[in-house]
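Have a look at the structure below before the remarks.
Derivation of every value follows stated rules applied to the coordinates shown; laboratory data play no part. Predicted model, so just to flag it, every value in this text is computed and none were measured.
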């Protein structure tokens, strides 16, 4: 699985944040549920947040560029 489209910085960042988040909720983790399931869900959500932020930044940059040309 390729995380963050091959960007090694974001791949490492997502992995680090995933384990930090898992540690923050470790007392809520159910022993009946797979640890891999928790890790995948956390990593997926973090990656979606990164992508969403990049899209917003891109749209804003395009808006600023178009506004400055007028």
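As a test of the formula, what do you get for the chain when each DSSP H run with n ≥ 4 contributes -39,500 (n - 2.57) and the sum is divided by the residue count, at 222 nm and rounded to the nearest 500 deg cm²/dmol?
Only helices count here, giving -26500 deg cm²/dmol.
Please list the radius of gyration and Dmax for the chain, considering alpha-carbon atoms only, with Å as the unit.
According to the Cα coordinates of the chain, Rg and Dmax are 16.7, 59 Å.
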